[in-house]
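J.: Sharing a structure with you now.
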Amino acid sequence: MRGLLAALKEITRYPSAMVGLFILAFILALAAYAVITIPYGEAIRLWRGGEATWRYNPRTAAPAWIDYLTPKKLLRTVILGPEDAQKEVKVLSERTRRLIFTYTLDYEADVFPSELAVVFKSQYEKKPPRVEVIWRTPDGREFSFGRQIPSGKVHWYTVSQDRDLIASLRGAPEEVLFQDPNAPEKTLKGIHTITIKAYVFEPEADLEAEVVVYGTVYGIAGTDHLRRDIWVALLWGAPIALAFGLGASFGITISSIVFAAIGAWFGGWVDAVVQRLTEIRMVIPTLPILIMVGLFYSKSIWVILAVLIGLNLIESTVKQYRAVFLQEKRTPYIEAARSYGARHLRIIFRYLIPRVIPWVIPSFVLAVPAYVFLEASLSVLGLGDPVLPTWGKLLSDAFSHGALYHGYYYWVLEPAFLLMLTGFGFTLIGYTLDKVFNPKLREI
Amino acid sequence: MQDQVLISVRNLHKWFELRKWGFIHVGFVRAVDGVDFDIRHGEAVTFVGESGCGKSTLARTILGLYQPTKGEILFQGKKLQKLGRWYRAQVGYIQQDPYGALPPFMNVRRILLEPMVINRRGTRTERERRIREVLEEVKLTPVEDFIGKFPHMLSGGQQQRVVIARSIVLNPKLLVADEPVSMLDASVRVEILQLLRGVQEAHQLGVAYITHDLSTVRYFSERIFVMYAAKLVEKAPVKELISNPLHPYTQALLDAIPDPDPENAHKFKEVPPGEPPSLLNPPPGCRFHPRCKHLIEGLCDQEVPPEFEVKPGHYVSCWLYK
């Protein structure tokens, strides 16, 4: 134990290990932050929530910080709610009232919004209200549209998909309403005035409206095709990747060592069984079996992890460990231990296994990224956990929605960067540990 | 007490089976082939013989690390096979290579703790006290300087002191020392042997001291047993054997001890011709007969010599003393 601490102290002498430790600390902090701020159940709910949860987010929006890197001013989503409106009420008759909401929108962006929508939230008994939207551009043009009867308590009027409006404007509303008539590829900057007229026909009836101008950038990490915040998946990808990588690596390393030690110590038919199982395992390919499990049984990441560990309980490294143990079992101190009464299990766990710990630790650390990448590859192959947000899942979604073809580079680069960062961190630490524990590898 | 038999070995055989391809029987290596002796309480006995004569196998069989093929070992009158783990605590084992005998990943405290933990001896504080006690006994003082050290931080002599401390930590009645000084520097050999002798006398331990080096024997031990090709050929008190060796092999062995006399520089020492026999296929009759200059044809090469008591306490297996 003290030896391990000393080794940890020693790796701080290597700058590469410090970089690795820094990266690992960052990933760990990310994971801790994710688990604390978004509980597991909440993460699943958010990721599976679909349109209802994320309705106010733009689709496939780039991260907001892109704005600082481009000369054009990009647009963040603007939601004009009831508190931004000037409300006028006019009583027309005993039952009928006219409500007028006036919103102002100061438009400064160089790009068109990605979508437009108006949300009507109405309260009525029987007769629904009637509404109309009047849009006044900064240069004084006025467009009237959306004459309709909102149904239900919350009614989404997606302006961008209003066919009549598209036909009358001869173009997409979110472009025509914002473009400079003299230079159609440019936006017209200034103050838009949006007026919503509503008639309610019941004394108790009421109505509120929200105008949603969807931006082209969103949050820290942008959004995907279902308007979901990619940041959620980036955050939650960290604990899952760490759990999967460390869990698989730890489970497989420990079980292989134990099996190798048991085989080497007892020898005879026990050793023969362990060796034959190892050889059988060596010719069974892991990936196809995991793919079959994913296709026919369960895609849950925890099932896949259990199958992965189960398949690799006796890994090919058993051969290496066995070679060391066979040498070790003949040493005088093992004989001495037997002479003062140590039994089999004690010899295996207290005398044989501690001897290989120094060079198991580097290989354990170096194996972690391999399993992190394995999870990502399974996800990219479409066998990722369907409920959990993971880095591999992000890549898979990005791939299946043509992210690179459409230019949504952030969607691919962000998870890929974190995956590579994790791999890089563990590799740096692993190689340094290797140098510390195996002094032969030290540079002169 | 002094005259009570501590361990008695009767007609002990340890044969190792040799196999071809893992299952075809080829033969037996007869590493120990019919050995009888007693060790009394508080008595040190030296087993001497050349490499490969079966000394270490004998030691391991006494320790219970090997199951005897035939014959029996009685410890305080009880059969060893029935004693189990209790017997482990009654015998201490000192090995040849002190560095190899200590687990490199344990410090001195842990090394000395292990036997007590395994045999469930004492409470935590009692164990700690015992560790300090034995370290002082083997003169690794001040104890604080050594208790936390790992084997590679100690010198060969210090390592062997730790091995001795470990062998006596359970208060055994018998020590088996398998060439305890042959891998040490000449300068510390005598020190370690004197330490061993001191420990033996202080606790009245029975000791089986195994060596190939007769020159260290006089520091130690009451009796000498000479082993040749898996058998004991001569048993006698130390002084008696050195002054009056009877078996031709013992005589040759004693002659081979270097004597630091300048006169000897040009003197030719007679060495028995040939080599010790293969234990896989030993010669019939007396095993020394192919090399013996006193060979009696028709007797030595056909019949195994029994043990003759030539003088009280001096036994020899040789037809010359019929």
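J.: Among A:I291, A:I348, A:I361, which is the only one that is assigned to a helix (DSSP H, G or I), in the same structural domain as A:P415 (by TED's automatic domain parsing), in contact (Cβ under 8 Å) with a residue 40 or more places away in the chain and within 27 Å of A:W236 (Cβ to Cβ)?
T.: Just a single option satisfies the conditions, and that option is A:I291.
J.: What number goes with the only condition from (1) in contact with a strand residue (DSSP E or B) (Cβ under 8 Å, 6 or more places away or on another chain); (2) within 9 Å of chain A (Cβ to nearest Cβ); (3) at pLDDT below 90 that B:G71 does not pass?
T.: The failed condition is (2).
J.: Taking the condition more than 12 Å from chain A (Cβ to nearest Cβ) and in a helix (DSSP H, G or I), does B:V207 pass?
T.: no
J.: Between a first residue in region B:86-104 that is facing chain A (nearest Cβ under 7 Å) and a second residue that is acidic (D, E) and surrounded by 22 or more Cβ atoms within 10 Å (Cβ to Cβ), which pairs have beta carbons less than 7 Å apart while being 6 or more apart in sequence or on different chains?
T.: Close Cβ pairs satisfying both conditions: B:Q95/B:D178.
J.: Does at least one position in region A:325-342 carry a residue that is within 14 Å of chain B (Cβ to nearest Cβ), surrounded by fewer than 21 Cβ atoms within 10 Å (Cβ to Cβ) and under 42 Å from the mean Cα position of the chain (by Cα)?
T.: So far as region A:325-342 goes, no, none of its residues is within 14 Å of chain B (Cβ to nearest Cβ), surrounded by fewer than 21 Cβ atoms within 10 Å (Cβ to Cβ) and under 42 Å from the mean Cα position of the chain (by Cα).
J.: Return the only residue of A:F349, A:F424 being modelled with pLDDT of 90 or more, within 14 Å of chain B (Cβ to nearest Cβ), surrounded by fewer than 18 Cβ atoms within 10 Å (Cβ to Cβ) and more than 30 Å from A:R48 (Cβ to Cβ).
T.: Only one candidate qualifies: A:F349.
Residue-wise test of (1) among the polar types (S, T, N, Q); (2) away from every other protein chain (no Cβ under 14 Å); (3) within 25 Å of A:V154 (Cβ to Cβ); (4) surrounded by fewer than 18 Cβ atoms within 10 Å (Cβ to Cβ).
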| site | (1), (2), (3), (4) |
| --- | --- |
| A:I27 | no, yes, no, no |
| A:A31 | no, yes, no, no |
| A:V35 | no, yes, no, yes |
| A:R48 | no, yes, yes, yes |
| A:P58 | no, yes, yes, no |
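J.: List every residue pair whose Cβ atoms sit under 9 Å apart, with the two residues 6 or more apart in sequence or on different chains, where the first one lies in region B:182-193 and is free of Cβ contacts under 8 Å to residues at least 12 places away in the same chain and the second, anywhere, is assigned to a helix (DSSP H, G or I).
T.: B:S187/B:G157
J.: When you look at B:K173, is it away from chain A (no Cβ under 11 Å), closer than 24 Å to A:R343 by Cα and under 25 Å from the mean Cα position of the chain (by Cα), yes or no?
T.: Yes; evaluated as a whole, the condition is true for this residue.
J.: Provide a single number: the residues in region B:135-192 that are among the hydrophobic types (A, V, I, L, M, F, W, C) and surrounded by fewer than 20 Cβ atoms within 10 Å (Cβ to Cβ).
T.: Here the count works out to 9.
J.: Oh, and also: With the condition kept exactly as written, say whether any residue in region A:366-388 is of a type in the set (D, E, K, R), within 14 Å of chain B (Cβ to nearest Cβ), in a helix (DSSP H, G or I) and in contact (Cβ under 8 Å) with a residue 24 or more places away in the chain.
T.: No: region A:366-388 contains no residue that is of a type in the set (D, E, K, R), within 14 Å of chain B (Cβ to nearest Cβ), in a helix (DSSP H, G or I) and in contact (Cβ under 8 Å) with a residue 24 or more places away in the chain.
J.: When only residues in region B:290-322 that are among the basic types (K, R) and touching a Pro at 6+ places or on another chain (Cβ under 9 Å) count, which is surrounded by the most Cβ atoms within 10 Å (Cβ to Cβ)?
T.: It comes out as B:R291.
J.: Let me ask something additional. Considering only region B:61-94, state which residues are surrounded by fewer than 20 Cβ atoms within 10 Å (Cβ to Cβ) and of a type in the set (D, E, K, R).
T.: Listed by number, the residues that qualify are B:K70, B:E72, B:K78, B:K79, B:K82, B:R85.
J.: Do any helices (runs of 4 or more DSSP H) lying entirely in region B:80-157 carry at least 1 residues that are modelled with pLDDT of 90 or more and over 24 Å from the mean Cα position of the chain (by Cα), and which ones are they?
T.: Qualifying helices (runs of 4 or more DSSP H): B:108-118, B:124-137, B:143-147.
J.: Mind checking whether some residue in region A:44-64 is more than 23 Å from the chain's Cα centre (by Cα) and not assigned by TED's automatic domain parsing to the domain that holds A:D162?
T.: no
J.: Now for a separate question. Report yes if some residue within region A:290-309 is away from chain B (no Cβ under 14 Å), at pLDDT 90 or above, more than 31 Å from the chain's Cα centre (by Cα) and crowded, with 20+ Cβ neighbours inside 10 Å; otherwise report no.
T.: Among the residues of region A:290-309, not one is away from chain B (no Cβ under 14 Å), at pLDDT 90 or above, more than 31 Å from the chain's Cα centre (by Cα) and crowded, with 20+ Cβ neighbours inside 10 Å, which makes the answer no.
The values are calculated or read from the model by the stated rules, or taken from the named source; none is laboratory data. Being a predicted model, the structure only gives us computed values, none of them experimental. Heads up, the Cβs are rebuilt from the backbone with ideal geometry, glycines too, and the neighbour counts pull from every protein chain shown.
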